[in-house]
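Report on one structure; see the data block that follows.
Nothing in this text is a laboratory measurement; each read-out follows from the coordinates by a stated rule. Note that the structure is a prediction, hence the values are computed from the model and not measured. Neighbour counts run over all protein chains shown; Cβ positions are idealised from the backbone, glycine included.
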Amino acid sequence: MQSVVLKIQGMHCGGCAQSIKRLLEREPGVESAEVSFEAGEARVRFDPSRVAAERLVSVLEPPGYQAKIQPGV
């Protein structure tokens, strides 16, 4: 397993954070996602042989969120 932190723009409330959590956890290979509205980020634990970190970013685009992978985390 691998972990990544995504910095997320476009969250307006705790409900947005819950929606993002559900979107990320639906992706095959994602073990868990912890999303913080206050911090504007998501910590995702995933299997890199099943899903790429870049895919986690792209899954958030259709509903209107912008995410970037935090380097060195």
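Suppose a student asked you for the relative contact order of segment 2-69, using Cα pairs under 8 Å spaced at least 6 residues apart; what percent would you report?
42 percent
I'm spelling it out carefully: the read-out is percent of Cα pairs over 16 Å apart, the candidates are (1) 45; (2) 42; (3) 38, and one was derived from this structure. Which label?
After the calculation, the listed value that fits is (3).
Read phi for every residue in segment 45-56 and hand back ³J(HN,Hα) as whole Hz from Karplus 6.51 cos²θ - 1.76 cosθ + 1.60, θ = phi - 60°, with x for Gly and Pro.
Each residue's phi maps through the Karplus curve to give 9, 8, 9, x, 7, 10, 8, 8, 4, 5, 5, 5 Hz.
Could you line up MET11, MET1 from fewest to most neighbouring Cβ atoms inside 10 Å?
Ascending Cβ contact count within 10 Å gives the list MET1, MET11.
Ranked from highest to lowest mean number of other Cβ atoms within 10 Å per residue, what is the order of the peptides 55-65, 35-45?
Top to bottom by mean Cβ count within 10 Å: 35-45, 55-65.
Tell me which residues come under 5 Å, amide H to amide H, from GLU41 once H is placed; ignore anything under 5 positions away on its chain.
ILE8, SER36
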